[in-house]
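Comments concern the structure below.
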Amino acid sequence: MIGTLLYLTTSRPDLQFAICMCARYQARPIKKHIHAVKRIFRYLCGTVHRGLWYPKDSSVSLTAFADADHVGCQDTRRSTSGSVQFLGEILISWSSKRQKSAASTKAEYIALSGCCAQILWMRSQLSDYGIAFNKIPMYCDNKSAIALCCNNVQHSRSKHIDIRYHFIKEQVENGVIELYFVNTEYQLVDLFTKALGRDRIEFLTNKLGMRSFTPETLKKLMNDERLNL
């Protein structure tokens with residue numbers, strides 16, 4: 001079942017966190033894990049028409065959001081990284097991954113580094129088509145992590161962080177990435193790092209560009225597209 005659900009995450013970002021969480025226990029599932037998988041299937045039945053909407057008039061600018069929860073895994077007390085990358089207003093990449101870190105600032109810093117690597121890979125691919133980019137904005141809701149990325153001085157609080165994660169500092173210093181603070185309310189990556197309530201899920205899925213593709217909704221979306229031409 002998990003393998004089938006993982007396949008769906010390639011087009012349903014709203015499923016990513018829940019399915020990845022269940023996948024951690026597929027070797028030795030217990031009753032509560034089976035119950036969680038059943039809840040995912042019930043959610044799917046109620047949102048079978050939902051998917052990503054890609055409008056034709058989107059720009060070609062790159063934008064990224066990165067976040068991490070704080071020791072969200074109850075078994076290992078480890079944090080979960082999440083990131084999303086947009087081309088214009090179109091969501092084209094997302095991830096949810098458990099880290100080895102438990103510290104809050106370190107977890108956010110690692111999440112920023114991973115997001116940076118992904119957005120730079122996308123920038124490289126698009127550059128092959130002659131598309132040039134200036135500074136790529138990346139949003140995070142942790143001011144300490146942003147300060148750590150923008151400060152080249154090595155502090156006692158950061159010296160224990162693996163050197164491979166300091167890759168993002170170089171990109172910020174070179175003007176490739178520009179970091180911005182975003183309020184937690186508008187942190188789109190919350191969907192990939194923690195369990196949320198229904199209202200919050202609906203808000204974030206809408207911001208990520210997901211729509212319910214019922215015949216009525218499709219007709220409305222197509223009419224809106226024609227009006228924008």
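With respect to the conditions (1) assigned to a loop (DSSP other than H, G, I, E, B); (2) under 22 Å from Ser61 (Cβ atoms); (3) at pLDDT below 85, Ala132 lacks only one, and its number is (3). Would you call Ser95 within 29 Å of Gln16 (Cα to Cα), of a type in the set (Gly, Ala, Ser) and modelled with pLDDT of 85 or more? It is true that Ser95 is within 29 Å of Gln16 (Cα to Cα), of a type in the set (Gly, Ala, Ser) and modelled with pLDDT of 85 or more. Among the residues of this structure, Asp67 counts as one that is of a type in the set (Asp, Glu) and crowded, with 21+ Cβ neighbours inside 10 Å.
Okay, residues lined up against (1) aliphatic (A, V, I, L, M); (2) within 16 Å of Leu191 (Cβ to Cβ); (3) touching a Pro at 6+ places or on another chain (Cβ under 6 Å):
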site	(1), (2), (3)
Pro13	no, yes, no
Gln26	no, no, no
Lys32	no, no, no
Asp75	no, no, no
Leu87	yes, no, no
Leu112	yes, no, no
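For region 183-199, the set of residues classified as of a type in the set (D, E, K, R) and under 19 Å from Asn142 (Cβ atoms) consists of Glu185, Asp190, Lys194, listed by residue number.
Asp57 - would you say it is charged (D, E, K, R) and buried (at least 20 other Cβ atoms within 10 Å of the Cβ)? So Asp57 fails the test. Checking each residue in region 167-196 for being basic (Lys, Arg) and either outside the structural domain of Ser93 (by TED's automatic domain parsing) or within 17 Å of the chain's Cα centre (by Cα) (or both) picks out only Lys194. The listed residues are Glu202, Glu170, and the only one of them that is of a type in the set (Asp, Glu) and modelled with pLDDT of 90 or more turns out to be Glu202.
Checking each residue in region 197-214 for being surrounded by 14 or more Cβ atoms within 10 Å (Cβ to Cβ), under 15 Å from Thr184 (Cβ atoms) and over 14 Å from the mean Cα position of the chain (by Cα) picks out Arg200, Phe203.
The values are calculated or read from the model by the stated rules, or taken from the named source; none is laboratory data. Not measured: the values here are computed from a predicted model. Note that we place each Cβ from the backbone using ideal geometry, even for glycine, and neighbour counts take in every protein chain shown.
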